[in-house]
Each structure stands twice: as structure tokens, then as C-alpha cells.
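See below for the structure under consideration.
Computed from the coordinates by the stated procedures, all read-outs in this text should not be read as laboratory data. Small disclaimer: the values here were computed from a predicted structure and weren't measured. No Cβ is skipped: glycine too gets one built from the backbone with ideal geometry, and neighbour counts run over all protein chains shown.
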Ligand code: ATP
Ligand code: MG
């Protein structure tokens, strides 16, 4: 049995075409089913649904043989015990700094001000501001980061941006791009040895089915 860990939503949706290329079709719809283990048309493949941030943990400890996780999630997790053979180029977005339109971020940085940064991505944020030589107080949040600058909790946020419409709806502007984000295939290292043939085959098929651009 091969167990693939996916998160509901965009990662699940965007992984389906890759699975299809491998002849795998998930036979239950995660949006309507309450099941966390989904069967496929193949007796030897199943999908487990976990939170996006839990995918690396499941794969690292063998709760799943492989999974799909965003680069954002992998950096925060650390990637220990994970083989990362492929950038699947799905669920693309970028990690950026955003602030209120009336906050002069560039001036604050130039003056060497200490910045209060709210984010779910404390590792990425810590590294980014250390590289710039900017002193920051990091405030860890688990969601709705956009609210932090509006309520005075923080001067700026580090968050994922795709179209920018969520920022816009909250009168925030993207003031700095940190990195491009996409999702990767991650594989449990022991599974790669024990189930080498089927996993290699999947990696090969996925690799040829990755969306171009
Ligand atoms: P939840 O939204 O349920 O709290 P989450 O934010 O961790 O959980 P998703 O929103 O499904 O889960 O995001 C999963 C992954 O998709 C992220 O880790 C990231 O790599 C990518 N992603 C997140 N937001 C966007 C976006 N706006 N555009 C494209 N990809 C995104
Ligand atoms: Mg989300």
C-alpha cells in the first residue's frame, strides 16, 4: 500500500491531474465526504487528508509514504527526514512583506527602526530580516495575518500573496517580495527504500506531468 498525504483545497485540487497521469483517481470527494482516508481506483494507493502544515510531519514519521507540501510549510518544518525529489510547480504564490498603505516601510527600514512583524512564518521572517540587518520583534499568529497591522498589533506582516486581492480588501500593500513559493513532492526516506519501485514510478510520472510555467 502507498499512502499519499494531501491537504484539502488547492493542493488536493492541483495534485489530481498529476495523480490522473499516473492512472490514479480518488473515488471520494473531500469537500462532501467526512472521511480522512480516501480510497482510489487502485487497491494499492490511498490518500490521507491532513492540515497543510502537518503534511511534512506525517511523511517524516511514516504516517504517509509521500505527500505534497508548500515550500513555505517545508521551510517552517525544517525538512528533516524528507526526501524532496520534485518541485511540482503547483499552488504557486509568493511570500511577501505587507504593510498598511499609510506606513512608510522603506523609511522605517532606512532609519533602522525596530519593526513588529506578525506572521505564521517565523523562520522565514527571522531569516529574511536578519539578512537585511533589520531588527524585528516577531509575533506568531496562526491565521488572519492581515488584521495585525489594522489593529496596531504589528507594523507589517509576512504572508503568502497570490493575486493580492486579500491585501487590497484590507488596505494593505505588498512592500517586499521574499521568495517564490510552490509545492513539492516529499517522500519518507525509509519508504523510498522499502517501496522503491512503485515510488520511483510515481516520481517519474509526476515529473513528466508537471505543469509548465
Ligand atoms: P487553512 O487555509 O486551512 O488555514 P493553510 O493556509 O495551511 O490552511 P491552504 O490555504 O490550503 O492551507 O494552503 C496550502 C498551501 O498552498 C500553502 O502552504 C501554500 O504553499 C499554498 N498557498 C497558500 N495560499 C496560497 C495562495 N493564495 N495562492 C497560491 N497558493 C497558496
Ligand atoms: Mg490558507
* Percent antiparallel among DSSP beta bridges (both partners in the range 81-213, rounded to 5) -> 70
* Just how far, in whole angstrom, is the range 124-157 from the range 63-99 if you go by their alpha carbon centroids? -> 20
* **Shape category assigned to the range 23-65 from the gyration tensor of Cα positions, a/c cut at 1.5** => oblate
* First measure r as the distance between the Cβ atoms of residue 101 and residue 137, then evaluate 1/(1 + (r/R0)^6) with R0 = 25 Å and state the FRET efficiency to the nearest 0.05. => 0.70
* Asked: Pulled fully out, how much extra length does the chain show between residue 35 and residue 130, if you take 0.36 nm times their separation in residues and subtract their Cα-Cα distance?
  -> 29.9 nm
* Cα gyration tensor category, rounded, prolate or oblate, for the chain with a/c compared to 1.5 -> prolate
* Asked: Using alpha carbons only, how many degrees (0 to 90, rounded to 10) separate the axis of helix 196-209 from the longest principal axis of the chain?
  -> 60
* R0 of 45 Å, Cβ-Cβ distance residue 43-residue 147: FRET efficiency to nearest 0.05 -> 0.45
* From the square roots a ≥ b ≥ c of the eigenvalues of the alpha-carbon gyration tensor of the range 93-181, which class results: rounded (a/c under 1.5), prolate (a/b over b/c), or oblate? -> rounded
